[in-house]
Amino acid sequence: MSLVLYEVEDSVGIITINRPEVLNALNSAVLDELRDVLRKVDINTVRCLIVTGAGDKSFVAGADIAEMKNLNSREAMEFSVKGNNVFENLAKFPIPVIAAVNGYALGGGCELCLSCDIRICSENAVFGQPETGLGITPGFGGTQRLIRMVGEGMAKQMIYTARNIKSDEAYRIGLVNSVHPVGEVLNAAKKIAKQIAANAPIAVRASKEAIHRGRLLPIEGGKLVEERAFGICFETHDQQEGMGAFLEKRKEKKFTNN
Ligand code: CO8
């Protein structure tokens with residue numbers, strides 16, 4: 001049985017971390033399969049990805065503690081590099097990625113959802129960076145992405161105290177965009193994915209690239225990135241179609257990804 005499942009529903013790709021017996025903990029094999037699944041995604045036909053966890057209890061309960069326990073310093077660093085590489089691929093993946101957080105998102109699980117574009121969760125979701133309580137630091141992007149997501153003060157509190165937070169608090173601090181009844185988060189993610197899929201793929205991809213590339217630049221550099229993205233959309237079929245539909249008062253739009 002695969003540790004990472006991948007299926008395409010309409011034009012939405014659904015990635016499921018599939019180790020429910022250990023609450024979908026991430027070991028090296030899961031990271032390898034996730035890397036391979038991302039390579040398989042056909043971005044010409046798939047418009048959006050959803051990442052979720054198997055079962056109804058956990059998104060991902062972290063990196064696999066049993067696998068990590070006896071790593072030496074070099075091996076631990078290599079494991080961190082491996083996770084960071086896969087998660088960075090997700091963060092800069094050409095199409096949007098939605099995390100449908102269906103339970104525990106701890107340690108590497110919280111970091112996995114932080115590398116997605118959009119996070120939504122179920123009412124039973126629990127987020128946290130428990131690493132300092134395990135005698136380690138976050139190692140799959142937590143010290144970097146959490147700060148950018150919820151601000152330095154809150155991120156530092158979460159990391160230093162290793163205290164978990166529930167879905168309502170995650171919503172309040174802006175870690176997730178919305179909270180859904182248990183069992184409904186995947187459908188909610190599909191709804192958002194379909195809204196994304198209805199728009200011009202070239203424009204969605206160019207928007208993501210501009211946001212991703214521009215966010216760490218000073219505003220002047222970021223504006224250059226945006227201006228380039230804006231220009232690229234013009235002279236495409238889909239720009240003519242989108243603007244043409246508006247001017248012709250047409251609801252139907254036929255975006256062709258060209
Ligand atoms: N790793 C390995 N096994 C796990 C993990 C995990 N992260 N989480 C749960 N499991 C296993 C349990 O050991 C248990 O297995 P078994 O049935 O064989 O005893 C099974 O999953 C079910 O778990 P519980 O019985 O504990 O279920 P509960 O409902 O009682 O508790 C919790 C659920 C609260 C989520 C609890 O399992 C827990 O605290 N898990 C660990 C959470 C955690 O600390 N995560 C952070 C891990 S560290 C990390 O992610 C670092 C990322 C960066 C790595 C950098 C590389 C160097």
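Any read-out appearing in this document is the output of simple, stated calculations on the displayed coordinates, not a laboratory observation. The shown structure was predicted, so the numbers you read here are calculated from the model rather than taken from an experiment. Quick reminder, even Gly has a Cβ in these numbers, built from the backbone with ideal geometry, and neighbours come from all protein chains shown.
The table that follows gives values for the structure above.
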quantity	calculated
Residue 36-residue 75 FRET efficiency (beta carbon distance; Förster radius 25 Å; 0.05 resolution)	0.70
Between 0 and 90°, nearest 10: helix 152-161 axis offset from the chain longest Cα axis	30
Principal axis dimensions, the stretch 7-55 - Cα atoms, whole angstrom, descending	34, 21, 11
Per-peptide average of other Cβ atoms within 10 Å, ordering 214-222, 147-155, 14-22, 96-104 highest first	96-104, 14-22, 147-155, 214-222
Estimated FRET transfer efficiency (residue 187, residue 5; beta-carbon r; R0 25 Å; 0.05)	0.90
Share antiparallel - DSSP beta bridges, the chain, percent rounded to 5	25
Karplus-derived 3J(HN,Hα), 6.51/-1.76/1.60, for each residue of the stretch 135-140, Hz, glycine and proline x	x, 9, 9, x, x, 10
At most 15 other Cβ within 10 Å, DSSP loop - chymotrypsin sites (Phe, Trp or Tyr not before Pro), the stretch 150-237	234
Reachable lysines from residue 92, criterion Cα separation under 29 angstrom, eight or more residues apart if same chain	40, 57, 82, 156, 166, 190, 191, 194, 208, 223, 253, 254
Contour minus Cα-Cα distance for residue 132 and residue 248 (0.36 nm per residue)	35.9 nm
Residue-wise HN-Hα coupling along the stretch 187-198, computed from phi with Karplus coefficients 6.51, -1.76, 1.60 (Hz; x: Gly, Pro)	5, 5, 5, 5, 4, 5, 4, 5, 4, 5, 5, 6
Cα→Cβ-extended label distance, 7 Å offset, between residue 45 and residue 173, nm	4.1
Helical contribution to [θ] at 222 nm, DSSP H n ≥ 4, -39,500 (n - 2.57), averaged over the chain, rounded to 500	-14000 deg cm²/dmol
Relative contact order (percent, whole number), the stretch 201-248, Cα cutoff 8 Å, 6+ residue spacing	35
Relative packing of 75-83, 123-131, which averages over residues the other C-beta atoms within 10 Å, highest first	123-131, 75-83
Evaluated at q = 0.11, 0.12, 0.19, 0.20 Å⁻¹: base-10 log I(q)/I(0), Debye formula over Cα of the stretch 1-147	-0.36, -0.43, -1.12, -1.25
Length-normalised contact order of the stretch 4-197 in % [C-alpha pairs under 8 Å, at least 6 apart]	21
Choice from 133, 109, 244 showing the highest fluctuation, given a GNM over the chain with Cα pairs closer than 10 Å	244
All-pairs Cα distance distribution in the chain, expressed in whole percent, bin size 5 Å	1, 6, 13, 17, 18, 17, 12, 8, 5, 2, 1, 0, 0, 0
Between 0 and 90°, nearest 10: helix 28-40 axis offset from the chain longest Cα axis	10
